[in-house]
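For reference, the structure is listed below as structure tokens.
The values are calculated or read from the model by the stated rules, or taken from the named source; none is laboratory data. Predicted model only: the values in this text are computed from it and were never measured. Here the Cβ positions follow ideal geometry from the backbone for every residue, glycine too, while neighbour counts run over all protein chains shown.
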Amino acid sequence: MNNSMISSAVSIRALQQKLDMLADNVANVNTVGYKRKTSVFEDILTSIQPHEKDFQLAGRRTPPGFTLGWGTRLAGMMLDMTQGSLQETGNRGDVALEGNALFRIGMPDGTEAYTRNGSFQMTPLPDGSTQLVTAGGLPVLDADGNAIIIPQGLRLTIRTDGSMAGEDANGSVVELGQIGLVRTLKPELLQTIGENLYGVSAGMDPAVVVELLPARPEGVSVWQGYTEQSNVNLTNEMAELIAVQRAYQLNTRALSSSDQMMNMANNLRG
Amino acid sequence: MLRGLYTAASGMMAQQKRHDTVTNNIANLNTPGYKAMNAAVRTFPEMLVSAMGGEAVKKGVVGRLATGVFAEENLLSMRQGDLMETNRPQDLALVSDILVEGAVFDASGKYVDPNGNVVYQPQVFFTLQGPNGERLYTRDGSFKSAADGTLVTADGIPVLGDNGQPIVVNGTWEDIRVAPDGTLYSQALNAPLPDTPRLLLTLVNNPNDLLRSGDGRFRYAGDPANIREVQEGDRVQVVQGQLERSNVDAAQSMVDLMSALRLYEANQKVIQTYDTSLGKAVNEIGKI
């Protein structure tokens with residue numbers, strides 16, 4: 001009696017979680033540098049109801065006992081790191097990445113966070129120089145882990161291989177180092193920490209999850225003046241939404257069917 | 001007492017189990033690698049009913065009567081699920097269609113030869129190492145990497161390679177290509193990884209010997225002679241970047257659900273009828 005009801009109720013909850021995740025993806029269809037989330041379902045524990053010895057009749061195919069399942073659950077949410085398309089904006093502060101790489105951002109508590117969102121800004125500092133920061137004011141780091149400071153009077157240019165240079169009004173160029181980039185080794189171990197930033201969880205060694213990229217990294221291009229669009233494909237999300245909706249409907253149908261059965265049992269007598 | 005009362009009650013319980021099985025199938029409509037279950041209902045052994053006494057009735061056997069049904073077993077339907085593209089390098093799917101000499105299997109993987117012997121189509125699974133060191137099997141290929149590089153399932157159970165040890169990949173999986181026989185290649189080196197790791201694929205001769213142990217995994221409970229590693233020439237391949245969908249048929253499940261409900265109701269009516277008859281026997285016939 002309870003098995004049907006518990007199975008359906010539990011599965012409906014799992015489907016609701018998937019629906020929430022799809023809604024999150026769709027809401028972020030225009031967010032720069034957003035990576036869509038995917039999820040995997042798994043069936044929950046199975047219990048085997050033991051059978052008496054007399055139940056072992058000839059012609060039985062499986063080992064003794066009756067297996068009962070208890071529904072499904074959302075096993076985990078992972079990031080889909082597919083490349084988003086690049087869109088030209090012309091802003092000097094917008095930087096897009098092509099390939100497996102993330103920008104390094106310095107957090108207030110001294111740790112590092114990573115992001116694909118390259119819509120940076122240049123804030124003026126008291127001494128006249130400017131600093132490259134994210135939209136939320138956090139400093140973008142260079143390959144040595146330091147904040148990027150552009151001396152007064154220079155215009156920042158970031159080349160495709162990631163090296164940074166400052167050009168002054170006369171055309172002379174000052175090398176400003178390399179923009180800090182990391183490569184993801186295990187995207188499933190990255191945690192979203194809000195504001196389009198990714199981090200590594202407290203107990204884990206960051207070197208396992210991300211790898212510092214050297215100068216002029218292979219397979220990675222840095223484009224100044226472009227932003228990377230979200231990699232959410234509305235058609236795919238809608239198709240998944242329909243599938244989840246129908247599965248939800250089927251599960252509620254099973255729930256109401258089991259409710260009718262319990263009603264019948266209650267009305268056996270009077 | 002009235003035998004039919006208990007027969008009808010057993011009918012209700014059997015239909016309840018059938019309903020539970022179908023509900024679980026429906027719940028797992030989107031679970032990758034899930035194999036649908038079918039409840040098989042069986043009648044109790046029959047008993048002989050004989051007449052006792054009475055002038056008009058000749059003393060002797062009246063006939064056989066079955067006294068009820070029970071849900072005997074939950075059979076696995078090992079039909080190949082459709083493949084769904086995910087583009088994740090760690091998502092793997094198994095496509096298996098093992099040939100057995102002289103047998104042409106039907107859609108459910110069964111063949112009955114002219115002598116009446118039943119042969120089941122062998123099935124291939126990924127091999128996992130359970131928490132107590134025992135071997136577990138699964139068709140759900142949605143794997144990921146643990147922090148130390150071990151290939152694990154979504155809830156952390158390591159996947160075994162053909163050397164009996166978990167597969168460990170140092171570095172990123174973006175570079176790894178899995179060949180159809182399960183060998184892991186590095187795209188950058190254009191060669192297999194050091195020690196040539198290969199996924200351990202296990203072939204089970206009779207899938208009915210498998211017991212579910214939850215979370216999409218199976219345990220083997222049959223004869224050790226009937227389980228072996230996949231060999232050259234077996235028709236099975238590993239497809240990277242795709243997952244095998246659940247093989248549950250939603251429409252059929254709905255029909256089974258409705259049928260279980262109505263049979264439950266029919267048995268309920270039988271019990272109510274017996275109840276009315278007993279009521280009459282007690283209240284009206286025995287009235288003083």
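Filter segment B:59-86 for residues that are within 30 Å of B:Leu201 (Cβ to Cβ) and touching an Asp or Glu at 6+ places or on another chain (Cβ under 8 Å) and give the result. Even if it seems obvious, please write down each step before you answer.
Looking only at segment B:59-86, we keep the residues that are within 30 Å of B:Leu201 (Cβ to Cβ), and these are B:73-86.
The answer is B:Gln80, B:Gly81, B:Asp82, B:Leu83, B:Met84.
Report, by residue number, each residue of segment B:217-229 that is surrounded by 18 or more Cβ atoms within 10 Å (Cβ to Cβ) and under 19 Å from B:Val119 (Cβ atoms). Steps first, please.
Residues of segment B:217-229 surrounded by 18 or more Cβ atoms within 10 Å (Cβ to Cβ): B:217-218, B:220, B:227.
Matches in segment B:217-229: B:Tyr220, B:Ile227.
If I ask for residues that are surrounded by 21 or more Cβ atoms within 10 Å (Cβ to Cβ) and polar (S, T, N, Q), which ones from segment A:4-29 would you list?
Result: A:Ser4, A:Ser7, A:Ser8, A:Ser11, A:Asn25.
Scan the strands (runs of 3 or more DSSP E) fully inside segment B:138-257 and keep the ones with 2 or more residues being among the charged types (D, E, K, R) and in contact (Cβ under 8 Å) with a residue 60 or more places away in the chain.
B:217-220
Output the residue which, of all residues in segment A:211-265 that are without any contact (Cβ under 8 Å) to a residue 12 or more places away in the chain and among the basic types (Lys, Arg), is farthest from B:Val22 (Cα to Cα).
Restricting to residues being without any contact (Cβ under 8 Å) to a residue 12 or more places away in the chain and among the basic types (Lys, Arg), the top hit is A:Arg246.
If you check A:Arg61, A:Arg116, A:Arg92, which single one turns out to be basic (Lys, Arg), touching a Leu at 6+ places or on another chain (Cβ under 8 Å) and surrounded by 19 or more Cβ atoms within 10 Å (Cβ to Cβ)? Step through it out loud before you land on a result.
On the way: A:Arg61 fails: surrounded by 19 or more Cβ atoms within 10 Å (Cβ to Cβ); A:Arg92 fails: surrounded by 19 or more Cβ atoms within 10 Å (Cβ to Cβ).
Only one candidate qualifies: A:Arg116.
Among the numbered criteria (1) surrounded by 15 or more Cβ atoms within 10 Å (Cβ to Cβ); (2) in contact with a Ser or Thr (Cβ under 8 Å, 6 or more places away or on another chain); (3) modelled with pLDDT of 85 or more, which single criterion is violated by A:Thr46?
Exception for A:Thr46: condition (3).
Quick one: in segment B:63-116, which of the residues that are more than 30 Å from A:Pro187 (Cβ to Cβ), of a type in the set (Gly, Ala, Ser) and in contact (Cβ under 8 Å) with a residue 24 or more places away in the chain is surrounded by the most Cβ atoms within 10 Å (Cβ to Cβ)? Explain how you work it out, then say what you get.
Step one: filter segment B:63-116 for residues more than 30 Å from A:Pro187 (Cβ to Cβ), giving B:63-79, B:97-116.
Checking the rest, the ones that are also of a type in the set (Gly, Ala, Ser) come to B:63, B:66, B:68, B:71, B:77, B:102-103, B:107-109, B:116.
This time we only want the ones that are in contact (Cβ under 8 Å) with a residue 24 or more places away in the chain, so: B:66, B:68, B:71, B:77, B:107-109.
Working: B:Ala66: 12, B:Gly68: 17, B:Ala71: 22, B:Ser77: 16, B:Ala107: 8, B:Ser108: 13, B:Gly109: 20.
Ranking the qualifying residues of segment B:63-116, first place goes to B:Ala71.
Would you mind finding the one in A:Gly65, A:Gly59 that is within 12 Å of chain B (Cβ to nearest Cβ) and touching a His at 6+ places or on another chain (Cβ under 6 Å)? Write out each step before concluding.
Details: A:Gly59 fails: touching a His at 6+ places or on another chain (Cβ under 6 Å).
Matching residue, one of A:Gly65, A:Gly59: A:Gly65.
Quick one: is A:Thr184 within 14 Å of chain B (Cβ to nearest Cβ), closer than 19 Å to A:Ile105 by Cα and among the polar types (S, T, N, Q)?
Criteria met by A:Thr184.
Failed condition for B:Ala147, given (1) on the phi < 0 side of the Ramachandran plot; (2) within 14 Å of another protein chain (Cβ to nearest Cβ); (3) in contact with a strand residue (DSSP E or B) (Cβ under 6 Å, 6 or more places away or on another chain); (4) among the small types (Gly, Ala, Ser), with all others met?
(3)
Could you list, in sequence order, the residues of segment A:33-78 that are basic (Lys, Arg) and in contact with a Lys or Arg (Cβ under 9 Å, 6 or more places away or on another chain)?
A:Lys35, A:Arg60, A:Arg73
Scan segment B:55-75 and give yes if some residue there is outside any loop (DSSP other than H, G, I, E, B) and over 30 Å from B:Leu2 (Cβ atoms), otherwise no.
Within segment B:55-75 (the criterion being outside any loop (DSSP other than H, G, I, E, B) and over 30 Å from B:Leu2 (Cβ atoms)), the answer is yes, since at least one residue qualifies.
If you check B:Val119 against the conditions, is it in contact (Cβ under 8 Å) with a residue 24 or more places away in the chain and either over 23 Å from A:Met78 (Cβ atoms) or assigned to a loop (DSSP other than H, G, I, E, B) (or both)?
In short, no.
Identify, please: which residue in segment B:1-38 is more than 8 Å from chain A (Cβ to nearest Cβ) and not in a helix (DSSP H, G or I) and is, among those, farthest from B:Ala93 (Cα to Cα)?
B:Met1
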